[in-house]
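Worksheet for the structure shown next.
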Amino acid sequence: MTDLTTSDLQTSIDLSTSYLGLILKNPLIPSSGPLTNNLDSIRQLEDAGASAIVLPSLFEEELIHEQEKMARFLHQQDIGHNEADTFLPLPDNYTSHLDNMLALVSSCKQSLDIPVIGSVNGISPSGWIECALDLQQAGCDAIELNLYSVAADAKKTGSTVEDEFLQLVDILTNEVSIPVTVKLSSQFSSLSNFAQQLQHKGAEGVVCFNRFFQPDINLETLELSPILELSNPAESLLRIRWLALLKGQVELSLAATGGFHSHQEIIKALLAGADAVYLCSILIQSGPRVLTEILANLISWMEEKEYNSIEQLKGSLSYHKAASPSVYARGNYLEVMDSYSPSRGVKV
Ligand SMILES: Cc1cc2nc3c(=O)[nH]c(=O)nc-3n(C[C@H](O)[C@H](O)[C@H](O)COP(=O)(O)O)c2cc1C
């Protein structure tokens, strides 16, 4: 592992980028995950060069469960059990996920210089989303809504699913005054159109894309188990394509997530149109200090190619600006398949 520190990264290149109306010192943001879950590792991320952080999500299921638990508790207290009341736990001693998260936001805001993005994860347009206001009041600079959902119900049409999501975004953007960005799945029939509708509902950004944890079947026990595998760089290509397609079609901030492990994938995302690039798996694998190494490599590449700023780089190979934009869409589909030859010795 490198001994580089951010003070070794002297450059005249302007690495700053604007994301969700926030001016970030560079495009690298550690995304929701285990390393943004406590102040110690968050401080290490900031020291290594992170320009903002996204906290782990508050989940709809957890929030609703906790709200119900508290409602039951208060109801029991109202009924009264005479002297037995003294055995009931005091609500003051109870700390919920929300309380813990709000405490983390406050300590981040006291100790860090970089923006803090709160995250909520859910899909139903209901009361749980009020927690976003708590995150704002605790000091978050922006909110990310993760629409993590597998549309499995055959009775629900695509437009119903999209309408519910839009309703939720509408509620959320009315609830808070800080910018809201939406972490999306790539699985929409017309993603560019859906992104435009998110913009009309007040979203200021989209994050492309969620990684779904896939269930696996154990062939010995015949049981299902969810598998959490970290990403690999090949996954970044789907994101890069869609960032290039979205750039110019929406007036949203664009962030990339999923498979961004080195300066190479990060540069491609920026060329395609990303304003910021999120990192998670590589930080889990290599630790916070890998950020400094990635920044050093990003600077070297920009110096070699004579770029003066990230702004100059951003979107210069988007769909509208690329010399052969059709490659981002269906173009060359047949040619690509025809150009593939089987391994040596395989007869066709
Ligand atoms: C252990 C783990 C926990 C995560 N927790 C969250 C979370 O709470 N909320 C969220 O939106 N994404 C969460 N993610 C997704 C990451 O933020 C990121 O978007 C995803 O892993 C893709 O980026 P990567 O290829 O850099 O890992 C988590 C990922 C991992 C591996």
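The values are calculated or read from the model by the stated rules, or taken from the named source; none is laboratory data. The shown structure was predicted, so the numbers you read here are calculated from the model rather than taken from an experiment. Cβ sites come from the backbone with ideal geometry, for glycine too, and all protein chains shown count toward neighbours.
Could you say whether any residue in segment 264-276 is under 23 Å from GLU303 (Cα atoms), at pLDDT 95 or above and within 11 Å of the ligand (Cβ to nearest atom)? Scanning segment 264-276 turns up at least one residue that is under 23 Å from GLU303 (Cα atoms), at pLDDT 95 or above and within 11 Å of the ligand (Cβ to nearest atom). Modelled with pLDDT of 95 or more and away from the ligand (no atom under 16 Å from the Cβ) - does that describe any residue in segment 59-68? Looking through segment 59-68, none of the residues is modelled with pLDDT of 95 or more and away from the ligand (no atom under 16 Å from the Cβ). Listed by first and then second residue, the pairs with beta-carbon distance under 8 Å, at least 6 apart or on different chains, first residue in segment 251-273 and under 16 Å from GLN285 (Cβ atoms) and in contact (Cβ under 8 Å) with a residue 60 or more places away in the chain, second of a type in the set (Ser, Thr, Tyr) and near the ligand (Cβ under 10 Å from one of its atoms), are THR257/SER31; THR257/TYR278. Applying the set (1) within 28 Å of GLY202 (Cα to Cα); (2) without any contact (Cβ under 8 Å) to a residue 60 or more places away in the chain; (3) part of a helix (DSSP H, G or I) to SER316 leaves exactly one unmet item: (3).
Residue-by-condition table, conditions (1) within 15 Å of the ligand (Cβ to nearest atom); (2) aromatic (Phe, Trp, Tyr); (3) part of a strand (DSSP E or B):
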residue: SER189; (1), (2), (3): no, no, no
residue: LEU198; (1), (2), (3): no, no, no
residue: VAL206; (1), (2), (3): yes, no, yes
residue: THR221; (1), (2), (3): no, no, no
residue: SER225; (1), (2), (3): no, no, yes
residue: SER231; (1), (2), (3): yes, no, no
residue: GLU235; (1), (2), (3): yes, no, no
residue: ILE240; (1), (2), (3): yes, no, no
residue: LEU243; (1), (2), (3): yes, no, no
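Any residue at all in segment 83-96 that is modelled with pLDDT of 95 or more and among the hydroxyl-bearing types (Ser, Thr, Tyr)? Looking for residues that are modelled with pLDDT of 95 or more and among the hydroxyl-bearing types (Ser, Thr, Tyr), one finds none in segment 83-96, hence no. Flag: ILE117 does not match the condition of being modelled with pLDDT under 95 and within 16 Å of the ligand (Cβ to nearest atom).
Please determine whether any residue of segment 295-312 is on the phi < 0 side of the Ramachandran plot, buried (at least 22 other Cβ atoms within 10 Å of the Cβ), aromatic (Phe, Trp, Tyr) and more than 16 Å from the ligand (Cβ to nearest atom). Looking for residues that are on the phi < 0 side of the Ramachandran plot, buried (at least 22 other Cβ atoms within 10 Å of the Cβ), aromatic (Phe, Trp, Tyr) and more than 16 Å from the ligand (Cβ to nearest atom), one finds none in segment 295-312, hence no. Consider only pairs whose beta carbons are under 8 Å apart and that are at least six residues apart or on different chains; among these, list those whose first residue lies in segment 102-114 and is among the basic types (Lys, Arg) and whose second residue is at pLDDT 95 or above. Listed pairs, sorted by first residue: LYS109/VAL116; LYS109/ALA138; LYS109/GLY139. The residue pairs whose first member lies in segment 132-145 and is closer than 19 Å to TYR19 by Cβ, whose second member is among the hydroxyl-bearing types (Ser, Thr, Tyr) and surrounded by 18 or more Cβ atoms within 10 Å (Cβ to Cβ), and whose beta carbons are closer than 7 Å, counting only pairs six or more residues apart or on different chains, are ALA142/THR181; GLU144/SER119; GLU144/THR181. Applying the set (1) polar (S, T, N, Q); (2) outside any loop (DSSP other than H, G, I, E, B); (3) at pLDDT 95 or above; (4) away from the ligand (no atom under 16 Å from the Cβ) to ASN26 leaves exactly one unmet item: (2).
Each residue in segment 126-173 was checked for being in contact with a strand residue (DSSP E or B) (Cβ under 7 Å, 6 or more places away or on another chain), of a type in the set (S, T, N, Q) and within 15 Å of the ligand (Cβ to nearest atom), and 1 pass. The residues of segment 240-273 that are touching a Phe, Trp or Tyr at 6+ places or on another chain (Cβ under 9 Å) and of a type in the set (Gly, Ala, Ser), listed by number, are ALA244, GLY248, SER253, ALA255, ALA256, GLY258, ALA269, ALA272, GLY273. Consider ALA323 carefully, then state whether it is more than 18 Å from the chain's Cα centre (by Cα) and without any contact (Cβ under 8 Å) to a residue 40 or more places away in the chain. Criteria met by ALA323.
Criterion first (surrounded by 20 or more Cβ atoms within 10 Å (Cβ to Cβ) and farther than 22 Å from GLN187 by Cβ) does LEU291 satisfy it? It is true that LEU291 is surrounded by 20 or more Cβ atoms within 10 Å (Cβ to Cβ) and farther than 22 Å from GLN187 by Cβ.
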